[in-house]
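The values are calculated or read from the model by the stated rules, or taken from the named source; none is laboratory data. Since this is a predicted model, take the numbers as computed values, not measurements. Note that each Cβ is placed from the backbone with ideal geometry, even for glycine, and that neighbours are counted across all protein chains shown. Protein only, heavy atoms only, side chains kept; ligands, DNA and RNA dropped before computing areas. Shrake-Rupley method; radii C 1.70, N 1.55, O 1.52, S 1.80 Å.
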Amino acid sequence: MLLRHTAKEIADREALVVNPAKTCQPIGAMYASLGIHKCFPHSHGSQGCCAYHRSALSRHYKEPVIAGTSSFTEGSSVFGGQANLLEAINNIFTIYDPEVIAVHTTCLSETIGDDVPQIVNKAQEEGKVPKGKYVIHVNTPSYVGSHITGFSGMVKSMVTYFAENSGKRQKQVNIIPGFVEPSDMRELKRICAEMGIKTVVFPDTSGVLDSPQTGRYQLYPKGGVTVKTLKTTGDSMGTIALGQLASGPAAKALDAKCKVKCEILGLPIGLNATDRFIDALRKMAGVSVPESIDEERGQLIDILTDMHQYFFNKKVALFGDPDHLVSLVEFLSDIGMKPVHIVTGTPGAKFETRIREILKDKVFDVNVRAAGDVFLLHQWIKNAPVDLLIGNTYGKYIARDEDIPFLRMGFPVFDRIGHSYFPTLGYKGAMRLAERILNAFLDRQDRDAPEESFELVM
Ligand code: SF4
C-alpha cells in the first residue's frame, strides 16, 4: 500500500510533478549511442548523473553499460568543464580505443553553458582525437524534454556528423527504429530480410544489449551500426522513420542534408500500424510482400478473432512514451478495448491531439495528458477504475494498491525480463502483445472465479 495516500480528489497542479512518467534526456542519448558499433558514450557532467544513467540502462537490459564521465567537481561547476572533457577524450581514446566517442551534456554543463563543439575542435587541434576516429555530440539539458528527446537528438547527430551523399544511390532503405528494444530492432531487420530489402537500421542496439553469455566480457560487442554504414545513409533510396518524436527529426535532417526522401510513420505496434509499415517498405523498395509475412498477419488476425470476447469492452489505463502510446492506443481500440486514461511524461501538445483523433469515434470518455505524471494517472484510476494497467515498472505500486492486472511495457522495466529478447513490433510482436494482455485477463479470471465457474477451457 505504498501509494495509499494518493488522493481521489484531483487538484490543478502546474509547478509540481509527482512520480514523473519519464526519465532524463541523457539516458536516451546514451542508449542511442550504444547502437553504434564501437561507440563509447560520454556524459559531460558530474559523476552522479552518469552513474544514474548507466544503472538505469543496466537494470533494464541486464547487461553492462559502458560510459565515461567528465567528473565535474566544484571547480568545473563554476568555471566550466573544458579541461575535464579534453582530458576525458584523451583518456578514452588512449585506454578504450573506441571508433566514436558520443558526448551528451547534463543539466549541470548546460546550465554553465559549456560549448561542446568548441571543446571538441580544441581536442582535435591538440591531437587528442586519433586519425579516423570521431567525437560526436548532442545537447541534452534534462530540465526540458525526456529520454525520448535525448534519444531523438543523438540519432539526429548521427546524421549530422556521418551521413554523406556520394552522388551514387544505393539500393537500400534506412530504418530509424525509435527508442525500442534490441529485440524490436532485430525484428525489423528480420521483416526487411524476409521481404528481400537491404536496410540500414540506425541506431541498432541488437547484438549490443541482448548479447549472449559466452563467458568472456567484450567491451564492444559485435552489434551496432558501423560508422562506415552510417555514412552510406545519405545514398539510400529512402528513409522510414518509426515514431514522430524519436525518429522524425533525424529523418528530416537526412532529407535536408542528402536529399533522401522520408516517410515518418507510427511505431508498428498492432495490426494497422504494421500494415502501414509493410506497405511503406513495399512501395519504397519496389518489392512485393512475401507469403511468409502474409502468413504472420493471418496468424495475428486468427488470435484476435478467436479471443475477441476477452478483449471486448475492457478498460485500460496506460502510461509511457508518446510514440509507443499512440500506436498502442490504436491497437487496443481496434481490438475492442477502451483506453480510458493515457499519460505520457514527455511534453508536446500534439500527443493529446493525436490520441483524441484516434479515439474520436468512440463513445467512452478519455483522459489524456502530455507532460503528465503517474500520480495523476492513479487519481484518474481511483475515480474511474480500469481492468488493466499498461506501463513501466513504476506502475506496479498502483497495480498492487488498486488490485489491477498489470502489463509491463516501455522503459524502464527493472523487475521482469524478456523485453530485450521478444519483440512487440510487427505482426509477431503484436501476437505476443495480445498473448500477454490475454494472459493477464485470464489469470485474473482464474484467480477470482468461484469454484462452480472455474473453467478448464477458456
Ligand atoms: S541532474 Fe539532470 S542530467 Fe543529471 S540525473 Fe538529474 S535530471 Fe538527469
Looking for whichever is touching a residue at least 60 places away in the same chain (Cβ under 8 Å) and within 20 Å of V201 (Cα to Cα) here; the options are S183, S146. Which one fits? S183
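Kindly indicate the residue of the range 133-143 that is assigned to a loop (DSSP other than H, G, I, E, B) and open to solvent by 60 Å² or more (accessible area, probe 1.4 Å) and also farthest from the ligand (Cβ to nearest atom) among those meeting that condition.
N139
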Those residues of the range 46-63 which are touching a Pro at 6+ places or on another chain (Cβ under 9 Å), more than 13 Å from G150 (Cβ to Cβ) and of a type outside the set (S, T, Y) amount to C50, R54, R59, H60, E63
Does any residue of the range 270-288 turn out to be open to solvent by less than 70 Å² (accessible area, probe 1.4 Å), in contact with a Phe, Trp or Tyr (Cβ under 6 Å, 6 or more places away or on another chain) and not in a helix (DSSP H, G or I)? yes
G178 - would you say it is farther than 22 Å from K259 by Cβ, surrounded by 21 or more Cβ atoms within 10 Å (Cβ to Cβ) and not β-branched (V, I, T)? yes
Can you tell me which condition W380 does not meet? The list is (1) without any contact (Cβ under 8 Å) to a residue 60 or more places away in the chain; (2) of a type in the set (F, W, Y); (3) in contact with a His (Cβ under 8 Å, 6 or more places away or on another chain), and all the others hold. (1)
S146 being crowded, with 22+ Cβ neighbours inside 10 Å, modelled with pLDDT of 95 or more and of a type outside the set (F, W, Y): yes
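Are there any helices (runs of 4 or more DSSP H) wholly within the range 17-132 with 3 or more residues that are more than 16 Å from the ligand (Cβ to nearest atom) and either small (G, A, S) or without any contact (Cβ under 8 Å) to a residue 60 or more places away in the chain (or both), and if so which?
Answer list for the range 17-132: 74-79, 82-96, 116-125.
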Contact list, first residue from the range 332-359 and in contact (Cβ under 8 Å) with a residue 40 or more places away in the chain and open to solvent by less than 10 Å² (accessible area, probe 1.4 Å), second anywhere and among the polar types (S, T, N, Q) and part of a helix (DSSP H, G or I), beta-carbon distance below 9 Å, six or more apart or interchain, is T346/T149
Restricting to the range 154-166, and then to whatever is open to solvent by 20 Å² or more (accessible area, probe 1.4 Å) and in contact with a helix residue (DSSP H, G or I) (Cβ under 7 Å, 6 or more places away or on another chain), can you tell me which residue is nearest to T205 (Cα to Cα)? K156
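Within the range 296-331, which residues are open to solvent by 70 Å² or more (accessible area, probe 1.4 Å) and not in a loop (DSSP other than H, G, I, E, B)?
If the condition is that a residue be open to solvent by 70 Å² or more (accessible area, probe 1.4 Å) and not in a loop (DSSP other than H, G, I, E, B), then R297, Q299, D302, T305, D306, H308, Q309, K315 are the ones that fit.
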